[in-house]
Amino acid sequence: MLAHILITVLQIVSTFYLTIVLLRFLLQLARADFYNPISQFVVKATNPLLRPLRRIIPGWGGIDGASLVLAVLIQALAYVLILFTLNGGLPSINPITLLTWSALTVLGLIIKIYFWSVIAVVVVSWIAPSSHHPAIQLVAQITEPVMRPVRNLMPPIGGLDLSPIVVFLILSVLTEVVQRMAMAAGLGAIGVGL
């Protein structure tokens with residue numbers, strides 16, 4: 001019972017911070033508003049761990065490699081702690097397997113962030129289309145890199161933008177692919193789903 005509670009707490013805490021780190025990555029990828037209050041929170045929450053890592057891992061063409069490496073390392077640490085709690089001692093796991101699990105989980109979380117962000121943008125466009133709330137603006141900026149290519153292929157028809165439907169379909173397929181890869185890598189064996 002105590003182990004289950006501890007694992008649940010580890011998963012919640014690690015996923016929360018991992019989401020913040022991935023938001024930093026996605027905000028930079030989308031070139032979102034740096035001065036948005038939520039962006040500032042994300043920067044301040046991630047700087048202590050990212051600054052030292054950035055000295056070692058530079059960005060590549062607008063992609064913040066340090067944020068991705070930090071996300072994978074955080075997830076790997078979370079898996080080690082979960083396995084430690086389950087086994088009552090240090091786990092004997094292949095580091096390549098651990099990094100594979102971590103990378104797949106990070107990829108799955110990025111897909112979830114995009115999925116829920118697109119839902120938020122669609123809902124807000126219906127109920128508050130002219131809202132200037134910082135969170136709404138930031139979510140719209142995050143989704144733009146995945147929505148723009150689809151909009152370029154499928155411009156709005158009669159004022160109706162169908163690109164979110166196509167993006168949902170693509171994200172659903174990607175989710176299924178990542179889940180299959182995770183099962184093939186043995187990630188389901190420790191009871192942690194994507």
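Bear in mind that the values in this text are calculations on the coordinates, not laboratory data. Treat the numbers as computed from the prediction; the structure is a model and nothing was measured. FYI the Cβ positions are ideal-geometry reconstructions off the backbone, even for glycines, and counts take in every protein chain you see.
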Here is a list of conditions, (1) surrounded by 15 or more Cβ atoms within 10 Å (Cβ to Cβ); (2) within 30 Å of ILE5 (Cβ to Cβ), and VAL118 meets all of them except one; can you say which number that is?
-> (2)
Take the residues of the stretch 153-164 that are more than 20 Å from the chain's Cα centre (by Cα) and part of a helix (DSSP H, G or I): which is farthest from VAL122 (Cα to Cα)?
-> LEU153
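Checking the condition crowded, with 16+ Cβ neighbours inside 10 Å, more than 18 Å from ILE63 (Cβ to Cβ) and hydroxyl-bearing (Ser, Thr, Tyr), which residue from SER14, SER39 passes?
Details: SER39 fails: more than 18 Å from ILE63 (Cβ to Cβ).
So the residue among SER14, SER39 that is crowded, with 16+ Cβ neighbours inside 10 Å, more than 18 Å from ILE63 (Cβ to Cβ) and hydroxyl-bearing (Ser, Thr, Tyr) is SER14.
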For residues that are farther than 15 Å from PRO37 by Cβ, of a type in the set (A, V, I, L, M, F, W, C) and surrounded by fewer than 16 Cβ atoms within 10 Å (Cβ to Cβ), scanning just the stretch 123-146, find the one that is nearest to the chain's Cα centre (by Cα).
-> VAL123
Determine which single condition MET181 fails, assuming it passes every other condition in (1) within 30 Å of GLY88 (Cβ to Cβ); (2) assigned to a loop (DSSP other than H, G, I, E, B).
-> (2)
